[in-house]
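As structure tokens, the structure follows; a few thoughts come after it.
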Amino acid sequence: MALSLVSVPALAEPPLPRPLTAGDFLRTDPAQAELGRLLFYDKILSGNRNISCGTCHHPKFGTSDGLSLGLGEGGVGLGTARVSSTGDNAVVKRVPRNAPALWNLGALSLENLMHDGRVSVDPLFGNGFNTPADEWFPKGVGSLLAAQSLFPMTSSVEMAGGVGENEIIGAVRDRIDTAWPIIAKRVRGVPEYGQRFVDSFDDVTTPEEVNITHIADALAAFMVQDFTSYDSRFDAYLAGDKTALNSLEKQGLDLFFGDAGCSNCHAGPLLSDQGFHALGLPAFGPGRTRGFDPYARDVGRMGESNDLDDAYRFRTPMLRNVSLTGPYGHNGAYPTLELMVRHHIAPKASRANWRRDMPVLPKVATLDAVDFIIQDDRFEMARQTARRDVYLPVRKDQEITALVAFLNSLTGEEAAKRASVVPKTVPSGLPVDLD
């Protein structure tokens, strides 16, 4: 009997998201964006005029700060070189959560921001957003990203300063929205800023008309202009260039969108389902919780929703430029992508192997006794360990290597160059954190 050749069809590629385009993002006015650049790096927005948005979200560190938990008020320096001041100006508490990267936060499809989603698009209060300011959030803010940008200015550990130190934190303690008019008055009182707002906003005819919504919209315009990213080799692959990924990266892509199950949560063009999931990360730091809870723990989404089902759940991050934005997790528990991937796959083993020297935490002597105090609460540790939403199949070491290679292919060409320009000077005359 003659043998016949049977053709074997090629394995089907797993379903992939559609490519991102400029139409997926907010449109920006260049003049507003350049005004926002100056504001982003100007310490005039902080209570004590000693910290800017760019201090904790710097291009040098992938629009984060390179730390697991940052040093806001009371810190000196940039990124991993940042240290605590001394004496009365020393850091009192670390920033409770990892500084999130700013890539693609101008996407029109985004519904919520921050690790717990506490800033979201919502008609509830008549101002377009559900935020920690509730009904006091100002009307007229143009986007979710602009809304989010206002809250670090009101945080004592981030930008507002300690009680009794300045008029901003004093106003916040009275009612959160009373701080923003003070900040707006500061800004419009600088002649160059006043004129730039008149020149770039149609509804501003004199500097006296500048309010906090204009500042928020300018900050958002800058972040969209400089931190929108879809020029990675993965994006080239989605656009049809099948040579853009090497064989290892392609294996990682097939796993990510296929059997490994990563795309169950990191879904869609933004690589996030915008949902909240419990991963059981190792706990440390001051945490962020409800006012009546022990403050050392971080309850995640439950702090916003007050729903027990949301305990220890955190927002699925978007992954463009993820190789630039470590440490990883809502608290920066893991310094490398490989360790973070391994935790997703085998969280129990990862927690057992986790060490207290893994987080990138600048030394602050006064915090040594409390940085890991939550781990002494065995009941809380048991609750966090038991709370798990993500169950993924075990992978071989070579497959994990391939997944990490794919994640590295998500780095955009411009982002890798650290191409966003940090101004050497700002209109207030305050020093700029350059490097």
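Can you tell me how segment 94-133 classifies by the Cα gyration tensor, rounded, prolate or oblate, using a/c under 1.5 as the rounded cut? The shape class here is oblate. If one computes the Cα centroid of segment 388-419 and of segment 106-177, what distance in Å separates the two points? If we compute the Cα centre of each part, the gap is 32 Å.
As a quick test, which of the pairs LYS242/LYS424; LYS348/LYS417; LYS93/LYS424; LYS242/LYS348 have an alpha carbon distance above 32 angstrom in this structure? Those over the limit are LYS242/LYS424; LYS348/LYS417; LYS242/LYS348. Highest mean first, the peptides 367-375, 120-128, 229-237 sorted by other C-beta atoms within 10 Å per residue fall in the order 229-237, 367-375, 120-128.
Rounded if a/c is under 1.5, else prolate if a/b beats b/c, else oblate: with a ≥ b ≥ c from the C-alpha gyration tensor eigenvalues square-rooted, which is segment 212-344? Note, shape of segment 212-344 comes out oblate. Stokes-Einstein diffusion for segment 133-244, with the hydrodynamic radius set to the Kirkwood value over Cα pairs and evaluated at 25 °C in a medium of 0.890 mPa s, equals 153 µm²/s. Distances between placed amide hydrogens fall under 5 Å for PHE25 paired with LEU108, all partners being 5 or more residues away or on another chain. Among the trypsin sites (Lys or Arg not before Pro) in segment 401-435, those located in a DSSP loop and surrounded by at most 12 other Cβ atoms within 10 Å of their own Cβ are LYS417, LYS424. Residues in segment 167-177 carry Karplus couplings, in order, of 6, 5, 5, x, 5, 4, 5, 6, 6, 3, 6 Hz; the curve used is 6.51 cos²θ - 1.76 cosθ + 1.60 with θ = phi - 60°, and Gly or Pro positions show x. Secondary-structure-derived ellipticity at 222 nm for the chain, considering helices only, amounts to -8000 deg cm²/dmol, per-run term -39500 (n - 2.57) for DSSP H runs with n ≥ 4. If you plug the beta carbon distance of ALA386 and LYS424 into 1/(1 + (r/R0)^6) with R0 = 51 Å, you get a FRET efficiency near 0.50.
Among 284-293, 102-111, sorting by the average number of other beta carbon atoms lying within 10 angstrom of each residue, highest first, gives 102-111, 284-293. Cα centroids of segment 318-383 and segment 198-252: 29 Å apart. The residues packed around GLU304, meaning those with a beta-carbon under 14 Å from its beta-carbon, carry a net charge of -2 if Lys and Arg are +1 and Asp and Glu are -1. The overall shape of segment 76-179 is oblate: from the C-alpha gyration tensor, with semi-axes ordered a ≥ b ≥ c, the ratio a/c is 1.5 or greater and a/b is no larger than b/c. Of the trypsin sites (Lys or Arg not before Pro) found in segment 96-160, those in coil by DSSP whose Cβ has at most 10 other Cβ atoms within 10 Å are LYS139.
On the basis of the beta-carbon distance and an R0 of 35 Å, GLU413 and ASP273 show a calculated FRET efficiency of 0.85.
Loop-located chymotrypsin sites (Phe, Trp or Tyr not before Pro) in segment 7-83 (DSSP state not H, G, I, E or B) with no more than 10 neighbouring Cβ atoms inside 10 Å do not occur.
Quick check for you: which residues of segment 86-105 have the amide N under 15 Å from the point 7 Å beyond the Cα of ASP231 toward its beta carbon? Residues passing the 15 Å test: 104.
Read the figures in this text as sums done on the coordinates, not as results from a lab. None of these values were measured; they are calculated from a predicted model. Here the Cβ is made from the backbone with ideal geometry for all residues, glycine too, and neighbour counts use every protein chain on show.
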